[in-house]
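Worksheet: one structure, shown below.
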Amino acid sequence: MKLITLSTLALAGLFALSGCNNKSSSGGSGGKLRLAFVTNTAATFWTIARSGCEAAEKELGNVEVDFRIPSTGGAAEQQQILDDLIAKGVDGIAVSPIDPANQTAFLDRIASQTLLICHDSDAPESKRVCYIGTDNFAAGVEAGKLLKEAIPGGGKIMAFVGATDAENSKQRFNGIKKELEGSNIEVIDI
């Protein structure tokens, strides 16, 4: 449910901000506002986000959402998707950058051509308008606290993340490790 709210919020943010964006053309001239929602990898996690985007389309009315998932989870594929969306003339893009530190110049180029916001994974050095999502390190710390409650005597655990090379996954895992320092819980694999 929270992910549906997040995706709806991201689209509503794009919808609202596009009215202030002189780069957009279709939404303000009577046509449907064309927005895109781009994930960072193919995972069942994003099925809920897709449902949220579909709900937002119905709720907002004059909006068309192009939902894209990079099949390989690679930055090059994600960049190709964003280039394709720019070529289609979308009015705004919500993206979860795979490798924000190495995608900054690329994201800046996208932001110079359409409204760009980040969701789930931030690119704070880019010219994106805003970030909608959690503090990923803090989320990891909270997960670590829950682990300590669940196995107070300690033990060995394995961690699961969507993509080990995605920046938001690294931040969450680092938060877990930080919270587990000094505990009897050992992370044996990720």
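The relative contact order of segment 141-185, computed from alpha carbon pairs under 8 Å that lie at least 6 residues apart in sequence, is 63 percent. Modelled spin labels at Ile190 and Met158, positioned 7 Å past Cα toward Cβ, are 1.6 nm from each other. Remark: Thr104, Thr41 ranked as Thr104, Thr41, counting other beta-carbon atoms within 10 Å and listing the fewest first. Largest first and in whole Å, the equivalent-ellipsoid semi-axes of segment 31-75 read 22, 12, 5, each the square root of five times a Cα gyration tensor eigenvalue. Summarise the long-distance tail of P(r) for segment 33-132 by giving the % of C-alpha pairs beyond 17 Å. Of all Cα-Cα pairs in segment 33-132, 46 percent lie more than 17 Å apart. Please report the relative contact order for segment 33-132, taking Cα pairs under 8 Å with a sequence separation of at least 6, and give it as a percent rounded to a whole number. Once normalised by length, the contact order is 28 percent. Local charge for Ala163 was computed over the other residues whose Cβ lies under 13 Å away, with Lys and Arg +1 and Asp and Glu -1, and equals -3. Its residue count N fixes a reference of 2.2 N^0.38 Å for segment 108-167, and the Cα radius of gyration divided by that reference is 1.59.
Fully extending the segment from Glu54 to Asp108 would add 16.7 nm, taking 0.36 nm per residue of separation and subtracting the current Cα-Cα distance.
Among residues other than Asn174 with Cβ under 14 Å from its Cβ, the summed charge is -2 (Lys and Arg +1, Asp and Glu -1). Counting other Cβ atoms within 10 Å as a rough exposure proxy, the listed residues Val95, Val187, Val63 run Val187, Val63, Val95 from fewest neighbours to most. As a proxy for reagent exposure, ranking Ser126, Ser183 by other Cβ atoms within 10 Å from fewest up yields Ser183, Ser126.
Every read-out reported here was derived from the displayed coordinates using simple, explicitly stated rules and does not represent laboratory data. The structure displayed is predicted, hence computed values, not measured ones. Neighbour counts are summed over all protein chains in view; Cβ atoms, including those assigned to glycine, are modelled from backbone coordinates with ideal geometry.
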